[in-house]
Structures are given as structure tokens and as C-alpha cells.
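S.K.: Starting off with a structure, shown below.
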Amino acid sequence: MFVKDGLCSQFHVHGRLRTSLQYLLLFLTSVQYVFAYRDLGNDTDKRCINDQDCSLNGICTANNRCECDKPWIGDVCGILDTAPTSSRGLYGFDPNVSSWGGNPIRTRDGKFHMFVSEMRSGGLAGWSTQSQCSHAIADSIDTPFLPAGQVLKPWCHEPITIIDQAKDAILMFHVGSGPPSNSSASSFLHYSRNQNPYGPWIPSPTQPDRCETPGPAFHPNGTLFVVCNKFQLLSTNDWETSKWDTVIDMGHPTDDPDRHWEDPFLWIDWRGNFHVLYHVYCLLPYRYGKECYSGHAFSNDGISWKFSAIEPYNGTIFFPRGGNMTFSTRERPHLLFVDKTRHTPKGVITAVSSQPVGPSCNSCVQQACSQCKITPGRDWTYTHLQLFRT
């Protein structure tokens, strides 16, 4: 049984209900992160020289100020303009299972289909043996998704789907091969013809080799790019017949050794610029007061990359009727696109731990809030959507 901690008054710490002092500390902690986040990236003296100074999320105007594309804000266009939202999830919240990540796509039936990591039993602590790739469906993007069957049984983890308009197919990248080999040594690519979200799912004739947590995106010229192993960019001209080539090793952010980057999500904007949204985590104990959530890398050609020091989003969400909470982690980020070109995102989907940031993190693995997700008894996780302001 999972306790939906942080989301109702039933959250327990070592079998006891939260005290008023713990709630006060949690509230003060949330306020601390909110104000720190709002100040980040909004330097009133910041002037741009070129579009790179605007994170390639806008243009540098004649008066040396950044004019940001939606949904980006801040003096360097480095922050996603998120809207108030509920703490409830797209999947894993109802029905009450542990899910991890997931990115919805809209198919010809007009419905939204999401492919998501789901724990066959237990919480995320057992992800290395219990994770399967599941299919869920909804009529609207902002309503809970309902189970629609398994795509691959364990072991299958971190699926990400993308539509190939030219070949009229859905591609699903994932880690693990499923049964019977149940290998977790590399990533795998399956596809479904006629953009059929129900399959059958067929192994691709070609596979990106040794690609951890792949992040795919099509370029307007038809080239399929995939970010692998956090900072390696691969490409192929035809995923059915051509080999995968390494384009570039992107480098590595060096601004803060406490920040660990992973889970790349690649997209190409309407100007042709490359972007990668990352999950970033810190492993410091809660008492250090340093929680990490996200990162952004960008390039105008896919070759020369810059890593921003500004987090696109943090762990705090604001509720529509007031109040807020700060998740201990928000991982496997996927931007939500509802247009075929995948140019303008409408929201961000993350895998969240129900554990809020607060003193109770001290009893999690490594005493770190980011590791409550794999702490037995606190490892209930689910898939959450936060839309952007319009």
C-alpha cells in the first residue's frame, strides 16, 4: 500500500502523522525555493549581444534585450512560464500504481496515447526488475489517463514515442528488451505501422547502440536525431535501413559539480535550433538546503552546445486556488507538443516523487530529498503534467 505523502493529511513519518512544526518547516522551505527560483535568471542589468545570450529561446533585439518566445520568460529566456496546476497526476495517481515518466502523443483517432514506465508491483525502488512499458489513453490531455494494456513486459523502462510522418509510423525508444531476453544492456527501438498506438510493435531493423535514456527528435530535413548517454548526439537518415552515426559529443556542464545531469529530452524549435531539456539532481543531504531539478542545453547547429546555469523549472507547483507544494524530485522531463511540427511546447510532463521537500527527507536514502523516490515505503511515484501559461 502506498501512502500519498505530501498530498493529503495522511502522510506519515516513521508511522506518525506530521506535526504542525513539520508542516511549518515544509511551508517555509517551499517559500524559500519559490523566491530563489523567481530571482534566478532575472538580472535587470543583463544585456544580450546575440541570440545565444537569449538561450536560443528568443531573439536579441536592437536595444540589447531578449524578446522571448512562448513559453519562455526571464531576461535570458531561461525559465518556462508554468501555470498553476493540481498535484494530481496523469497516470499512477489514479489508478494507484507507481509510474515513471511518459509522453503523450495524439493520433488519428483524436485521442491522446501515452507510453509510460509502470512498476508491475511495488514502488520505484524495484524499478530495475519490475518496470514494464505500458499504454494509457485519454480523451483530453489534462485528464487522468486510463490503462490500455502492456506494450512490453519487464524488463522495459523509460519509453519515449515520436511520430514519423513520412513513414506513417510511431517510433518507441526505450531501455530494456522485454521478455524473453530481458536485457537491460542497451536501448531499443520498436515501431508501429499506420500510426497505430495499439501495435503490433515490431523491433526496428536498426538500433542505436549502447544508448542510455534516448531522447529522439526529427529535424525538418527528415534526419532522425537521438541524444544518448546524456551528452552524445546520434543521427540516422533512415531508421529502417541506415546505420546510426555519432554527430558530436556535446560536452558537459561544468558550472556546478553538485548538479548531476541526466534524462535528455531533445526538440528542434521553429528556427531550427536544437534544445535539450534535462533532469538535474543533487545528492546533498536535506540540511544543506540545495535541491536541483532541471537543466537546458542549446545549439544553433547541433555541433556547438551551451549549457545554461538557469533551471527551466524547479520543484514547486502552485495550486489554482492558492497554496503550493515542492516535490522532492521531478524527473524524466518531456515537453508536451500538440502540433505535428513539435515546435511550440504546451506543458512539461515529469515523473514525480510524492515526498515533499522537508525535514522528513533526512530519513530517505543518503538523507537526500532526491533519493526518497527509491526509499522503501516512500517510493510511490507518478506522472505529472504542468501546462504553460497562454
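The values are calculated or read from the model by the stated rules, or taken from the named source; none is laboratory data. Keep in mind the model is a prediction, meaning the values are calculated, not measured. Methodologically, a virtual Cβ is constructed for each residue, glycine included, from the backbone with ideal geometry; neighbour enumeration extends over all protein chains shown. SASA here: full protein model, heavy atoms, side chains in, ligands and nucleic acids out. Shrake-Rupley method; radii C 1.70, N 1.55, O 1.52, S 1.80 Å.
S.K.: Check PRO205 against each of (1) in contact (Cβ under 8 Å) with a residue 24 or more places away in the chain; (2) in contact with a Phe, Trp or Tyr (Cβ under 9 Å, 6 or more places away or on another chain); (3) surrounded by 15 or more Cβ atoms within 10 Å (Cβ to Cβ) and name the one condition it does not meet.
M.R.: So the condition that PRO205 fails would be (3).
S.K.: In region 281-305, how many are out of contact with any Gly (no Cβ under 9 Å at 6 or more places or on another chain), touching a residue at least 40 places away in the same chain (Cβ under 8 Å), at negative phi and not hydrophobic (A, V, I, L, M, F, W, C)?
M.R.: 5
S.K.: Shifting gears a bit: Within region 107-117, can one find any residue that is among the aliphatic types (A, V, I, L, M) and surrounded by fewer than 23 Cβ atoms within 10 Å (Cβ to Cβ)?
M.R.: Going residue by residue through region 107-117, those that are among the aliphatic types (A, V, I, L, M) are 114, 116.
Restricting the remaining residues to those that are surrounded by fewer than 23 Cβ atoms within 10 Å (Cβ to Cβ) gives none.
Looking through region 107-117, none of the residues is among the aliphatic types (A, V, I, L, M) and surrounded by fewer than 23 Cβ atoms within 10 Å (Cβ to Cβ).
S.K.: Among the residues of region 272-282, is there at least one that is in contact with a Pro (Cβ under 7 Å, 6 or more places away or on another chain), at pLDDT 95 or above, farther than 16 Å from TRP305 by Cβ and buried (at least 18 other Cβ atoms within 10 Å of the Cβ)?
M.R.: yes
S.K.: More than 23 Å from PHE218 (Cβ to Cβ) and in a strand (DSSP E or B): is that true of GLY102 in this structure?
M.R.: Details: more than 23 Å from PHE218 (Cβ to Cβ): no; in a strand (DSSP E or B): yes.
Answer is no for this residue.
S.K.: Continuing with the same structure: Can you tell me which residues in region 244-268 are open to solvent by less than 20 Å² (accessible area, probe 1.4 Å) and either part of a strand (DSSP E or B) or modelled with pLDDT under 95 (or both)?
M.R.: Within region 244-268, the subset open to solvent by less than 20 Å² (accessible area, probe 1.4 Å) is 250, 253, 261, 263-268.
Within region 244-268, PRO253, TRP261, ASP263, PRO264, PHE265, LEU266, TRP267, ILE268 qualify.
S.K.: Looking at ASN194, ASN229, can you tell me which residue is open to solvent by 40 Å² or more (accessible area, probe 1.4 Å), on the phi > 0 side of the Ramachandran plot and in contact with a strand residue (DSSP E or B) (Cβ under 8 Å, 6 or more places away or on another chain)? Step through it out loud before you land on a result.
M.R.: Numbers: ASN229 fails: in contact with a strand residue (DSSP E or B) (Cβ under 8 Å, 6 or more places away or on another chain).
Answer to the selection: ASN194.
S.K.: Something else about it: Identify the single condition in (1) open to solvent by 50 Å² or more (accessible area, probe 1.4 Å); (2) under 16 Å from TYR293 (Cα atoms); (3) among the hydrophobic types (A, V, I, L, M, F, W, C) that ILE374 does not satisfy, given that it satisfies every other one.
M.R.: Going through (1) open to solvent by 50 Å² or more (accessible area, probe 1.4 Å); (2) under 16 Å from TYR293 (Cα atoms); (3) among the hydrophobic types (A, V, I, L, M, F, W, C) one by one, ILE374 breaks only (2).
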